[in-house]
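Below: the structure, in structure tokens.
Values quoted throughout were computed directly from the atomic coordinates according to the rules given, and no laboratory measurement underlies them. Note that this is a predicted model, so its numbers are computed, not measured. Glycine gets a Cβ as well: all are built from the backbone with ideal geometry, and neighbour counts include every protein chain shown.
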Amino acid sequence: MSTTHHRLPPEVNRILYVRNLPFKVTSSEMYEIFGKYGSIRQIRVGSSNDTRGTAFVVYEDIYDAKSAVDSLSGFNVGGRYIVVLYYQPKKNVSRLGMEEKKMQIEELKKEVGEQETN
């Protein structure tokens with residue numbers, strides 16, 4: 001079997017996490033953009049207040065996902081430059097961990113804000 005595939009970096013994943021999308025983006029527009037890189041199993045576009053502008057794109061094949069990441073990060077969709085990342089489940093292990101992170105970020109913002117006003 002002669003394949004030209006190289007070993008993939010560990011973060012490469014069939015599931016992509018897309019940020020900075022226009023809030024009005026539709027699933028069919030997402031299929032149009034991401035479908036160019038391979039067959040897609042599923043696309044979930046965020047609809048709640050805290051998930052708007054984000055989406056998950058699941059490819060059938062990991063190499064298609066990789067070429068989508070390589071090609072689409074910084075791609076202009078509706079006047080916004082999208083950010084395409086590999087979904088990293090390890091980072092989102094617990095809901096608690098996410099809440100903790102949010103709080104840390106808020107704390108940091110406060111600290112930075114206070115420094116700027118002094």
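What full-extension length gain, to one decimal in nm, is calculated for residue 109 and residue 23 as 0.36 nm per residue of separation minus the Cα-Cα distance?
Length gained, residue 109 through residue 23: 28.5 nm.
Of the options 34, 54, 85, report the single residue whose Cα projects farthest towards the positive end of the charge dipole of segment 15-87 (beta-carbon charges: Lys, Arg +1; Asp, Glu -1).
Towards the positive end, the residue furthest out is 54.
If you place +1 on the Cβ of every Lys and Arg, -1 on the Cβ of every Asp and Glu, and leave all else neutral, what size is the dipole of segment 4-63 about its Cα centre, to the nearest 20 Debye?
About 60 debye.
Can you give the charge dipole size of segment 38-83 about its Cα centre, rounded to the nearest 20 debye, using +1 on the beta carbon of Lys and Arg and -1 on the beta carbon of Asp and Glu?
That gives segment 38-83 a dipole magnitude of about 200 debye.
For each of 43, 62, count neighbouring Cβ atoms within 10 Å of the residue's Cβ, then give the residues from fewest to most.
Working: 43 20, 62 15.
Lowest count first: 62, 43.
Could you work out the relative contact order of segment 15-87? I mean the mean sequence separation of Cα pairs under 8 Å and 6+ apart, divided by the number of residues, in percent.
After rounding, I find 42 percent.
By what distance, in whole Å, do the Cα atoms of segment 15-87 stretch along each of the three principal axes, largest value first?
Largest to smallest, the principal-axis extents are 31, 20, 20 Å.
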